């Protein structure tokens, strides 16, 4: 190898310095390209965002709209079918609930929002009123403190569990 002239050595050091600077900036940015979303390490997935009060309100408003429009499938899309224990039983209970009641109103007061690892949680005071579809069936009014556990599915927050589980049961 030949020796470098002092001018070439300075130029080479300058290029190395620029490369180191770019590498440091890249590492500080989390090793991803500028403007890209942070991922959880799996190709093609985005990291879940932190569950916020705005997320809780969004999910609860979607639930209220599904009830008020009497749209069972829209309601069930709010739930994480893979993570929710006993989802098939819950789905059947909701089928019965939507068949039994036609005019459903839901009001809520959000009291707490939390995040724990990959899950979000909310507590609320909820009032559920429903008018029967057939004469002779009593209407329902429930005032309960409800808790929802939510999980990020890559697109949005879905309800993974709720308490009390009999909240939407007919005849309770």
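The values are calculated or read from the model by the stated rules, or taken from the named source; none is laboratory data. Given the structure is predicted, the values throughout are model-derived calculations rather than measurements. Cβ: placed from backbone, ideal geometry, glycine included. Neighbour counts: every protein chain shown.
What to note about this one:
- Filter result (more than 15 Å from the chain's Cα centre (by Cα) and in contact (Cβ under 8 Å) with a residue 60 or more places away in the chain) within the stretch 88-117: 90, 93, 94, 96, 97, 100, 101
- Any hit, the stretch 27-35, residues being modelled with pLDDT of 90 or more and exposed (fewer than 11 other Cβ atoms within 10 Å of the Cβ): no
- Complete set of residues in the stretch 132-172 that are more than 18 Å from residue 108 (Cα to Cα), assigned by TED's automatic domain parsing to the domain that holds residue 76 and surrounded by fewer than 13 Cβ atoms within 10 Å (Cβ to Cβ): 134, 135, 136, 138, 139, 154, 155
- Long-range neighbours under 7 Å by Cβ, at least six apart or interchain, first residue closer than 14 Å to residue 153 by Cβ within the stretch 70-87, second modelled with pLDDT under 95 and part of a loop (DSSP other than H, G, I, E, B): 80/153
- Each residue in the stretch 60-107 was checked for being part of a loop (DSSP other than H, G, I, E, B), touching a strand residue (DSSP E or B) at 6+ places or on another chain (Cβ under 8 Å) and surrounded by 13 or more Cβ atoms within 10 Å (Cβ to Cβ), and 5 of them qualify.
- Some residue of the stretch 148-158 being in contact with a helix residue (DSSP H, G or I) (Cβ under 8 Å, 6 or more places away or on another chain), in a helix (DSSP H, G or I) and within 18 Å of residue 61 (Cβ to Cβ): no
- Candidates 136, 154, 120 - the one that is at positive phi and in contact (Cβ under 8 Å) with a residue 40 or more places away in the chain: 154
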